[in-house]
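Please treat every number below as a calculation from the coordinates, not as lab data. From a predicted model like this one, the values you see are computed outputs, not experimental measurements. Positions of Cβ are backbone-derived with ideal geometry, glycine not excepted, and every protein chain shown enters the neighbour counts.
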Amino acid sequence: MRCVARVVLFFGLGLAFAAAAPLKVDFSIAGRPDSVAPGYEQWFVTGGMSATQRFGELTATLALAGQVGKGLRAVWWKGAVRDGARLVADGVTIEGGDAGGALELRLAGLAPGRHRLVVFLNVTDGKPADLRARTVVAVAGGPSISVAPSFRAADDEVAQIVALEFEAVAGEDAVIKFKPDPADTAATVRNVVLNGFALDVTDPKRRAIQARPANEDEHVAADGETLKLAWTPANSAVQHRVYFGRSATTLALLGETPSAEQSVSNLRPTQDYFWRVDTVDVSGVVTPGDVWRFRPRQLAFPGAQGAGRFAQGGRGGRVIEVTTLADSGPGSLRAAVEASGPRTVVFAVGGLITLERKLVATNPYLTVAGQTAPGPGITIRKFGFGLSGASDTIIRHLRVRPGDIAGVTLDGMGMQGSNHSIIDHASISWTLDEAFSSRSARNITLQNTLISEALNAAGHKNYKPGTQHGYAASIGGDVGSFHHNLLAHNSGRNWSLAGGLDGAGRHAGSLDIRNNVVYNWQNRATDGGAAQVNFVGNYYKPGPATKLLKFLNPQLEGVKAFGPQRYFVAENILEGVAARDNQAAGMTKPAPYAEFLSDAPLFASDVETQSARAAYKIVLSDVGANQPGLDRHDFRIIGETLAGTAAFKGSKTGLPGLPDSQADVGGWEAMPTVARPVDWDSDRDGLPDWWERISGSNPASAADDFSDSSRDRLGDGITELEHYLNWMAAPHAEVAAGGNVILAMAPLTRGFTAKPNFKVVATVAGDAVLTADGQSLVFTPKNGFTGIGSVTFRVTDADDDQMTRTIGVRVF
């Protein structure tokens, strides 16, 4: 039996409906694209006594019915969006209508004849304990029924669904009223809510529901190329016909089965697949199912790890070129970020971008490839750049250093409310609130990022003058992965666990914090709270400003009211205080350990994990926006972390390493504006001409022709543009055919200081030998070869810790 709240009234089976095509409408809240149900028309109701919208030949009017209430009000519950219930996450109710508010839905222009109306009734406001009246749904001159609305359903298909069939008369409107049931005399909340409606769709009681993989899931684990399709069957089902294909209009019969599952094979990542399950009952009546869509996942890029590793970015979409360092206008970073649709942002110019207001990415499917910038790369100042509610976003190799010149309190970067997104090799500093935040996010990763010198006594707007607020990061996520980052010279929140509360008011957040390096905090290292925290293999190194010699403070106050917090703590190091076998020395003890510590990881990390000692060396060898190269600031920060020093003090506090203004440390370095030559990428498809000649594509494609950059030349699910971006994101060099190039290894292994020993482990399209001092190598391409080669080397130090790195080489 299906546990589904739904009621259906109908006059018969097998009757044709009068409409030319089904209509599906979702009452949506403005500014929340993540709460729009796939396949549904949006209707934004912002208030007033009534609202009208046209859908083709149909005109729909929603209005206050009766005398109770002040008008229409849009409602929304973010927890439903998090759970995937996008249709019933929002809706329309009556403002001030708890004493008997009612709604009227009037449909004008219906074709004469029989129609089926399906409505969704799911309460988003209030508390589960509220005594809420049942809702009477009544078609004028037709059927009516009284039902209990669902409360904060986590799935659109298990919300309260009512289906009624009625006869439309030519020249007359169909009128449907929603009112509290007068027979529910004990109810104290007598209001109604309508989340959406559908006309002339399949009978919801007789079709398959709850597709697995979920409809519109674009991150499906089909890594073995075979996948089991499954669903929840209708109670009347005795047989299922499963249809499958590459488009919604070309489905072919895959098989028939009495069970609620069917396997499919030969799937390829990044491609869309469509399927439908038709239900056959004992009488042979066939009820067509909805068409569902899914897409097998693909890594965002080589080295992407953690919960955000399958971010799609702008894969397969258009390429937008940044040609100016101006704040806004054509060719600006802002214009590219604020555009819509799948898009990859590449840079034809490098230098300093001075923002005049905050830059926020809200639209999904975005890649910002800072590694493509020429010269010094890209540094953003004055305001921050981050995500808010965006999904499938990839940001790599950008520096964000706002400073205090805007005169306002601001962050650096963030991923608030975002999903399936990753920030890699970024550099963030000189912020006034906190450098990074990710509250309410899902499936995100922050990796290989350098957060430094959050401005300390810098005049935060919420505190009295002189208050210190040099905070690194408040992190949330379910799951949020934070690994191989360097946090240096930040007074506090290194990290602040901001798991928040779920819709039931209980602790939320699953945070995986591993293999990070934290240096020279003052009085706050890692504190806060979340429902689940893996805290593994981190390296905490006190500096000259450090006063608190603890790496973790689980703040459990309010635990009885908000539910338990659980922590898995292992293999962390606090220099001079806590070793791998003595984790308790690095923690405060707010309660008996058994109340909050776990003996095993609380969830999978999906991160290649090293010991804290090895991670310290690896992070300091490869962190921050280092392509096309580190700037002087990051080079200094890494050096001070290695040496345990601080070159500067705060001008107000005098605290070593904790500046109060960017001016305390010299401010932004002078950066020349460097532009690519006009013939670098003649057709503006993101692929430079030389790469297109190597790969056999056309460097002179027509304008807005991105077929070459979107091509999967190798059949691995990775586009040609992605191959180029990945090459640019790693160390690389150039050499003329017939020549050789000397490649320094020491700058790429800076964290390995104890007698490092280098060894060449692999080459592609050439040979490599070490120089006499053993610190560099000489790469010689094969005779007659032009194209992309590489050399891979390994460093091993006196502690037997290792790191392997690859340098790409263009041979021209």
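Quick notes on this one:
- Dipole of the stretch 677-729, positive direction: furthest Cα of V678, A702, G717, with charges on the beta-carbon: G717
- Diffusion of the stretch 677-729 by Stokes-Einstein, at 10 °C in a medium of 1.306 mPa s and with Rh set to the Kirkwood radius over alpha-carbon pairs, works out to 144 µm²/s.
- Taking a quarter of the surface of the Cα convex hull of the stretch 282-371 gives a mean projected area of 9.8 nm².
- Calculated from backbone phi, Karplus (6.51, -1.76, 1.60) coupling profile of the stretch 578-584 in Hz, x at Gly/Pro: 10, 9, 4, 9, 9, 5, 4
- The H on the amide N of Q160, modeled in the peptide plane, is under 5 Å from the matching H of L121, S150, each at least 5 residues off or on a different chain.
- Per-residue 3J(HN,Hα) values for the stretch 372-387, derived from phi via the Karplus relation 6.51 cos²θ - 1.76 cosθ + 1.60 with θ = phi - 60°, read 7, 6, x, x, x, x, 10, 10, 9, 9, 6, 10, x, 9, x, 10 Hz in sequence order (x marks Gly and Pro).
- Per residue, the convex hull volume that the Cα atoms of the stretch 105-251 enclose (Å³): 169
- Sites matching trypsin sites (Lys or Arg not before Pro) across the stretch 762-812 that sit in DSSP coil, with at most 13 neighbouring C-beta atoms within 10 Å: none
- Rg/Rh ratio calculated on Cα atoms of the chain (Kirkwood radius): 1.01
- In plain terms, the residue of M49, M671 with the fewest other Cβ atoms within 10 Å comes first and the most crowded comes last, giving M49, M671.
- Formal net charge of residues neighbouring E261 (Cβ-Cβ distance under 9 Å; K, R +1; D, E -1): +2
- The charge dipole of the stretch 209-294, taken about the Cα centre with unit charges on the Cβ atoms of Lys, Arg (+1) and Asp, Glu (-1), comes to about 120 debye, rounded to the nearest 20.
- Long-range amide H partners of E218 with built H, under 5 Å: R295
- With Cα atoms as the point set, the radius of gyration and Dmax of the stretch 24-199 evaluate to 15.0, 45 Å.
- For the stretch 731-811, the fraction of alpha-carbon pairs in successive 5 Å shells from zero, as %: 3, 17, 29, 22, 14, 8, 4, 2, 0
- In plain terms, if you count all Cα to Cα distances in the stretch 48-117 and split them into 5 Å steps from zero, the share in each step is 4, 15, 18, 16, 18, 18, 8, 2, 0 percent.
- Footprinting exposure proxy ranking of R693, R396, R116, fewest other C-beta atoms within 10 angstrom first, gives R693, R116, R396.
- Ascending count of other beta-carbon atoms within 10 Å, so fewest first, for D411, D327, D527: D327, D527, D411
- Quick note on the stretch 390-501: its Rg to Rh ratio, both from C-alpha atoms and Rh being the Kirkwood radius, is 0.96.
- Based on DSSP H segments of at least four residues, each scored -39500 (n - 2.57), the chain has a per-residue ellipticity at 222 nm of -2000 deg cm²/dmol.
- Proximity of backbone amide H atoms, modeled 1.01 Å from N, is registered between R442 and S418, N419, H420, D478 at under 5 Å, excluding neighbours fewer than 5 places apart on the same chain.
- Volume per residue that the Cα convex hull of the stretch 627-775 spans, once the total is divided by residue count, Å³: 200
- Over 29 Å between alpha carbons, listed pairs K78/K589; K127/K358; K70/K177; K70/K358; K649/K755: K78/K589; K127/K358; K70/K358; K649/K755
- Charge sum, other residues only, whose C-beta stays under 15 Å from T188's C-beta, Lys/Arg counted +1 and Asp/Glu -1: -1
- Given 13 as the ceiling on other Cβ atoms within 10 Å, longest exposed-site-free region of the chain for GluC sites (Glu not before Pro) in DSSP loops: 357-556
- Straight-line reach from K759: taking Cα to Cα under 24 Å and skipping same-chain neighbours fewer than 8 places apart, the lysines in range are K617, K782.
- Span per principal axis, largest first, for the Cα atoms of the stretch 209-294 (Å): 40, 22, 19
- Between the listed residues W727, L359, N494, the Cα displaced farthest toward the positive end of the dipole of the chain, a dipole computed from Cβ unit charges relative to the Cα centre, is found at N494.
- Across the stretch 718-731, rounded Karplus estimates of 3J(HN,Hα) from the backbone phi angles (6.51 cos²θ - 1.76 cosθ + 1.60, θ = phi - 60°) give 10, 6, 4, 4, 5, 4, 5, 4, 5, 5, 5, 7, 10, x Hz, Gly and Pro being marked x.
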